[in-house]
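Shown next, in C-alpha cells, is the structure this report addresses.
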Amino acid sequence: QVDSSTTRNYGGSGLGLAISKQLVELMSGTMGVSSMPGRGSTFWLTVVLERAETLCKEVRQLPSDMCPVLVVSKNISTRNTLACCLQAWGADVSAAADEKEAQIYLNAHQTGTTIISLTLPEYNLTVMGPIMDFLVASITDVRFWIILCPINFVGKVRDLVADVTNSFATEGKMLAAHVARNVVVTASPVRQGVLYDCLTQLSSSGVYRKGVEDYDETGKLRPGRKSRSDNEPTTFWNPCLKLDDRVERLNSPGVSDSVGSAVSDLESEALPFKVLVAEDSLANQLALKRMLEKLGAVVTVVTDGSEAVDLLVT
C-alpha cells in the first residue's frame, strides 16, 4: 500500500480487510494490525465463540469404482494438493508430471479415474496437442476423465473434447465416443466439495451435472445452498452437441420460451446500470471508469475498501 506506482509488487484497495473487520465486529469481536515499514504487517482478531458439544464432521468416501485415481499435473503443488484431498477420501492415488509419465503408468496399471490439471499460457492452446493425443490413446483405458483448466479456456477445451467425441463416433468407435462424451471439463482451481460431488455423480450416473450437488442423497437441499424454483428450467450444457443441435435445443418448446422471457426481462430493465469500483491506483481508476462507461454504466469510484463498504451501507 505504500508504493503507489502501477508496477508495484503488492496492491489492493483494502476491500477484503474492510469487509473482514465488519464481519468480526458483527460477531462482537475486535480486529487490529501492527505494522512496521520494511518488516511487514501482522493482522489479528479476537472473537468469543461457544464450544460445540459435538464435532460435526462430514465423512466423505469415494466409491470403489472411482479408484485407483491418477493425477496428472506439471505443477507439483497442484499434484500434491489433489493427491492429499483424494487420499483423505479413501482413494488410492498416483501422480504423474506430464502425459508421457501418465501414459507409462496407464500401460502398467489399471486406473478408474484420471484427473488432468492444466496450466495453459494465455491465448495459447498449442500445449493441448500432447494432452489430446494422450486422451485419444488412453480413452478406453480409464472409466472416468476429469480435466481442470483455467476458466477462460473451459469452453475451448470442451470444444476440443467434442471434436474427439465426434471423430470416434464417425469412425464407429462407440465405446470410445461414449467415454469421451462424459469427459468432465471444469474450471480450476476446483473446490473440494465440487470435486467430490463431481466424482460421486460420475460414479452413480456416469455424467456430471453442475448444480445437482446442491441436494443430498435424499433430495433435501444442502445447508447454505440456493433452492431452484419449481418453474425454473434446468438446462445442462453438453459440450458434445454440434452447433445445429444446440440451436435446435434452444428452439425447442419450453427452452425457447424461457430464453425469450429472459431476453424480454433484460430489454425491459432500466439502463444504464451502476458499478462501484474500489481501486487505489489513479491510473487504474481512469482506465476502469472509461471502459465501463463505454458499456453504458454509471460508475462510482472510491479509493479503498472502507469507503466502498460505507457507500454500500448508506
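The values are calculated or read from the model by the stated rules, or taken from the named source; none is laboratory data. All of these numbers come straight from a predicted model, not from anything done at the bench. Because the Cβ atoms are built from the backbone with ideal geometry, glycine has one as well, and the counts that use them run over all protein chains shown. Areas reflect the complete protein model, heavy atoms only, side chains present, ligands, DNA and RNA absent. Shrake-Rupley method; radii C 1.70, N 1.55, O 1.52, S 1.80 Å.
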Item to complete: Identify the residue in the stretch 265-298 that is surrounded by fewer than 10 Cβ atoms within 10 Å (Cβ to Cβ) and assigned to a helix (DSSP H, G or I) and, among all such residues, is modelled with the lowest pLDDT.
Response: LEU266
Worksheet item: Is it true that ILE139 is within 19 Å of LEU62 (Cβ to Cβ) and open to solvent by less than 40 Å² (accessible area, probe 1.4 Å)?
Response: no
Discussion item. I need the full set of residues from the stretch 128-171 which are part of a helix (DSSP H, G or I), touching a residue at least 40 places away in the same chain (Cβ under 8 Å), out of contact with any helix residue (DSSP H, G or I) (no Cβ under 7 Å at 6 or more places or on another chain) and not small (Gly, Ala, Ser), in order please.
Written reply: ARG158, ASP159, ASN166
Item to complete: Being under 19 Å from ASN75 (Cα atoms) and either open to solvent by 20 Å² or more (accessible area, probe 1.4 Å) or over 16 Å from the mean Cα position of the chain (by Cα) (or both) is the filter here, so list the residues in the stretch 153-192 that pass it.
Response: THR186, ALA187, SER188, PRO189, VAL190, ARG191, GLN192
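Checking the condition under 30 Å from ILE131 (Cα atoms) and within 20 Å of the chain's Cα centre (by Cα), which residue from SER64, SER77 passes?
Details: SER64 fails: within 20 Å of the chain's Cα centre (by Cα).
Of SER64, SER77, the one residue that is under 30 Å from ILE131 (Cα atoms) and within 20 Å of the chain's Cα centre (by Cα) is SER77.
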Worksheet, complete the sentence: Out of (1) modelled with pLDDT of 90 or more; (2) out of contact with any Leu (no Cβ under 7 Å at 6 or more places or on another chain); (3) open to solvent by 40 Å² or more (accessible area, probe 1.4 Å), the one THR119 does not meet is (1)
Item to complete: Can you give me the ranges of the strands (runs of 3 or more DSSP E) entirely in the stretch 12-116 with at least 1 residues that are open to solvent by 80 Å² or more (accessible area, probe 1.4 Å), of a type in the set (Phe, Trp, Tyr) and free of Cβ contacts under 8 Å to residues at least 40 places away in the same chain?
Response: 40-46
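Quick check on THR126: is it out of contact with any Asp or Glu (no Cβ under 7 Å at 6 or more places or on another chain), under 29 Å from ASP92 (Cα atoms), among the β-branched types (Val, Ile, Thr) and open to solvent by 30 Å² or more (accessible area, probe 1.4 Å)? Before the answer, list the steps.
Values: out of contact with any Asp or Glu (no Cβ under 7 Å at 6 or more places or on another chain): yes; under 29 Å from ASP92 (Cα atoms): no; among the β-branched types (Val, Ile, Thr): yes; open to solvent by 30 Å² or more (accessible area, probe 1.4 Å): yes.
It is false that THR126 is out of contact with any Asp or Glu (no Cβ under 7 Å at 6 or more places or on another chain), under 29 Å from ASP92 (Cα atoms), among the β-branched types (Val, Ile, Thr) and open to solvent by 30 Å² or more (accessible area, probe 1.4 Å).
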